[in-house]
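Okay, so here's the structure we're looking at.
Just so it is clear, none of the values below were taken in a lab; they were calculated from the coordinates. Everything quoted here is computed from the prediction, not taken from an experiment. Backbone-built Cβ (ideal geometry, glycine too); neighbour counts: all protein chains shown.
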Amino acid sequence: MKFFVLGASGLVGGAFARAAQAAGHFVIGTVGSFTGAIAGVSEKRILDLTDASALEAAIQHTQPDVLINAAAISEPGKCDEDPARSHQLNVALPALLARIAQARGTRLLHLSSEQVFAGDRAPYAVTDPVHPINTYAEQKVESEKLVHTTAPTLAVTVRAPLLMGNSPGGRRSLHERLLGDWSAGKTPVLYTDEFRQTCTAENLALALLELAGRPEISGVFHWAGAELLSRYELGLRIRAHFGLSETHAPLKTTDRASDPKASAKRQANLALDLRPLSQLLRTPVETFDQQLATLRVPAHLQSWLESARA
């Protein structure tokens, strides 16, 4: 198959490109300002994803079998700072892709988020009503509605959790951000009472690749890992996995009661019921230990890590 991956330099887009190429597929990957090589991408295209005409022309020229929308502004704070810009990528882009998919008869796989839920009534099934509590979540909910109204039989939305994994630039995933903070002498502050069901971008990519070959499946689904852990527990286990001491990798704890204003836009518990997708796919749901085993140290942090372990 020929895949058109939007956001190929990102965490999920990069993982999908590697998985697809390893399975013998051809990957066209779009990037914005990223200049490095991307493993798995057979044809890299520098593209402004807010330019609808340029995007339509690129898809028309390349004639892909499947569109993979892994592009987004996924940090809630950045969405709050500039909601108009984030709306372009988080809502307008997937809506355009759905129109293109419907017109061409092309399958569309769209990434959404666990954050469409409020976090106060976990675990969440795909049939549970959404309740967004921040701008990012509101935009993801809107994108889901537009995608499935426009291309109901061709589109699949996968709501993904907080992601682990190895990004092309080494700065996107949870462990990369923690290692980056520690190397810069910073002390990450992690909640003891916010719970997430992480999975790796690589595992999510395998699920997406399998979905791409299952045209009979459409609709909205959940994908995540097997375990629910607090953000603080995640930090502790990542620190231990990389053999770091508290001296070189300090952590500070906080809780939701310490900052009620901030917590009003943060979800307490985003546990997901993975059925029915976990029953439809061969791709396994990973334990957290399995996720840890796949993590690499980003190249730009290897020297620091060696000295910190010494």
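For the stretch 123-163, how many residues meet the condition of being closer than 17 Å to Gly105 by Cα, assigned to a helix (DSSP H, G or I) and touching a residue at least 60 places away in the same chain (Cβ under 8 Å)?
Going through the stretch 123-163 one residue at a time, the tally reaches 1.
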**OP:** Looking for whichever is under 25 Å from Ser112 (Cβ atoms) and touching a Pro at 6+ places or on another chain (Cβ under 9 Å) here; the options are Gly36, Gly14. Which one fits?
**Re:** Gly14
Subject >> Residues satisfying the stated conditions in the stretch 255-310, i.e. among the hydrophobic types (A, V, I, L, M, F, W, C), more than 28 Å from Val130 (Cα to Cα) and assigned to a helix (DSSP H, G or I) >> reply: Leu292, Ala293, Ala299, Leu301, Trp304, Leu305, Ala308
Original post:
What number goes with the only condition from (1) in contact with a Phe, Trp or Tyr (Cβ under 6 Å, 6 or more places away or on another chain); (2) without any contact (Cβ under 8 Å) to a residue 12 or more places away in the chain that Ala205 does not pass?
Top reply: (2)
Original post:
Going by the conditions given, is Leu244 assigned to a helix (DSSP H, G or I), in contact with a Lys or Arg (Cβ under 8 Å, 6 or more places away or on another chain), on the phi < 0 side of the Ramachandran plot and surrounded by 13 or more Cβ atoms within 10 Å (Cβ to Cβ)?
Top reply: no
**OP:** Evaluate the stretch 8-25: report whether one residue or more is touching a strand residue (DSSP E or B) at 6+ places or on another chain (Cβ under 7 Å), on the phi < 0 side of the Ramachandran plot and without any contact (Cβ under 8 Å) to a residue 24 or more places away in the chain.
**Re:** yes
**OP:** Answer yes or no: is there a residue in the stretch 171-193 that is closer than 28 Å to Gln279 by Cβ and crowded, with 16+ Cβ neighbours inside 10 Å.
**Re:** yes
Original post:
Give me the pairs: first residue in the stretch 90-103 and in contact (Cβ under 8 Å) with a residue 60 or more places away in the chain, second residue surrounded by fewer than 24 Cβ atoms within 10 Å (Cβ to Cβ) and among the aliphatic types (A, V, I, L, M), beta-carbon distance under 6 Å, and six or more apart or on different chains, which are they?
Top reply: Leu93/Leu49
**OP:** Please work out if Glu142 is of a type in the set (D, E, K, R) and in contact with a helix residue (DSSP H, G or I) (Cβ under 7 Å, 6 or more places away or on another chain).
**Re:** yes
Subject >> Candidate set from the stretch 223-233 (those that are touching a strand residue (DSSP E or B) at 6+ places or on another chain (Cβ under 7 Å) and part of a helix (DSSP H, G or I)); member that is surrounded by the fewest Cβ atoms within 10 Å (Cβ to Cβ) >> reply: Tyr232
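Condition first: surrounded by 15 or more Cβ atoms within 10 Å (Cβ to Cβ), in a loop (DSSP other than H, G, I, E, B) and not charged (D, E, K, R). Can you find one or more residues in the stretch 75-82 that meet it?
Looking through the stretch 75-82, none of the residues is surrounded by 15 or more Cβ atoms within 10 Å (Cβ to Cβ), in a loop (DSSP other than H, G, I, E, B) and not charged (D, E, K, R).
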Original post:
Within the stretch 19-37, is even one residue part of a helix (DSSP H, G or I) and β-branched (Val, Ile, Thr)?
Top reply: no
Subject >> Verdict on Pro298 being surrounded by fewer than 15 Cβ atoms within 10 Å (Cβ to Cβ), within 22 Å of the chain's Cα centre (by Cα) and not hydrophobic (A, V, I, L, M, F, W, C) >> reply: no
Subject >> Extreme residue, nearest to Gly7 (Cα to Cα), among residues of the stretch 198-224 that are within 13 Å of the chain's Cα centre (by Cα) and not hydrophobic (A, V, I, L, M, F, W, C) >> reply: Glu202
